[in-house]
1. In a Gaussian network model over the chain where Cα atoms closer than 10 Å are linked, find which of 50, 29, 17 has the largest mean-square fluctuation.
2. So what's the projected area for the range 1-160, the Cα convex hull averaged over all directions, in nm²?
3. Can you give me the Cα centroid spacing of the range 96-132 and the range 1-72 in angstrom?
4. In a GNM of the chain with a 10 Å cut-off on Cα contacts, which of 23, 141, 80 has the highest mean-square fluctuation?
5. Report in % the part of the accessible area of the chain that belongs to carbon and sulfur, leaving out ligands and nucleic acids; probe 1.4 Å.
6. With every protein chain kept in the model, how would you rank 38, 142 by accessible area, 1.4 Å probe, largest at the top?
7. Taking amide H positions as placed in the peptide plane 1.01 Å from N, state which residues far from residue 144 in sequence (5 or more) or on other chains have amide H under 5 Å from it.
8. With θ set to phi - 60° and the Karplus curve 6.51 cos²θ - 1.76 cosθ + 1.60, what are the ³J(HN,Hα) couplings of the range 198-204 in order, to the nearest whole Hz, using x for Gly and Pro?
Amino acid sequence: NFEHVLPAAAEINELLQAAPGLRILVTSQALLNLYGEHEFDVSALALPDQSGQRASSVEELAAVPAIALFCEGARAVNPRFVLTAENAAAVSEVCARLDGMPLAIELAAARSKLFSPAEIVAQLDNTLDALRSRAADVPDRHRSLRAAVDWSYGLLDDEERRLFARLALLPGGFTSESVAAMLLDGVSDTALDALERLLEKNIVRISAVKSG
């Protein structure tokens with residue numbers, strides 16, 4: 001979680017300059033923007049096939065990373081939890097509704113002590129407030145999905161927040177052309193520069209790239 005101490009990247013650079021053979025592995029929501037930095041994107045967990053072309057067996061679903069994480073978390077609070085033909089569809093929907101985000105899936109699975117997967121699905125209409133943890137040994141930003149979003153939002157500067165607010169009007173996604181066409185009052189950089197900064201901070205993600 002280097003993103004909240006990004007100014008210390010200058011000291012990382014000093015270490016690299018002083019020791020040419022040194023390699024440093026950093027986990028961060030945002031890039032350090034140092035010369036020679038290599039980015040390795042950690043994507044969301046794979047989800048079950050949503051095409052509906054064929055029904056997956058319970059065994060196949062149990063091997064899907066998002067489903068496996070949910071089941072692991074559910075069994076941690078409810079040892080009697082078992083993925084079955086009856087609850088598999090609801091578990092799959094929970095993971096799909098949460099876009100395969102590990103933290104969100106872990107928070108949802110933790111509710112398995114009191115609720116069935118179908119009941120958890122029903123609670124996801126208010127996802128930010130429904131998903132929370134009472135664990136005492138996790139950072140505050142990991143105790144609820146709302147806290148995680150607030151943490152990320154708090155790392156943005158004023159200009160990035162203005163663009164982020166405008167992008168919230170486009171929940172179905174957007175193109176770089178549509179962002180460039182926005183009138184960004186109070187934003188000194190071009191719209192695409194601000195978008196690039198949001199991309200570097202993993203606030204927005206590229207879902208598809210057109211060719212040609």
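The values are calculated or read from the model by the stated rules, or taken from the named source; none is laboratory data. On a predicted model such as this, the values are computed, not experimentally measured, just so you know. Virtual Cβ from ideal backbone geometry, glycine too; neighbours counted across all protein chains shown. The accessibility values were calculated without ligands, DNA or RNA, using every heavy atom of the protein model including side chains. Shrake-Rupley method; radii C 1.70, N 1.55, O 1.52, S 1.80 Å.
1. The residue that fluctuates most here is 17.
2. 12.8
3. 22
4. In the Gaussian network model the winner is 23.
5. Roughly 55 percent of what the probe reaches on the chain is carbon or sulfur.
6. These residues rank, largest area first, as 38, 142.
7. 133
8. 5, 5, 5, 8, 6, 7, 10
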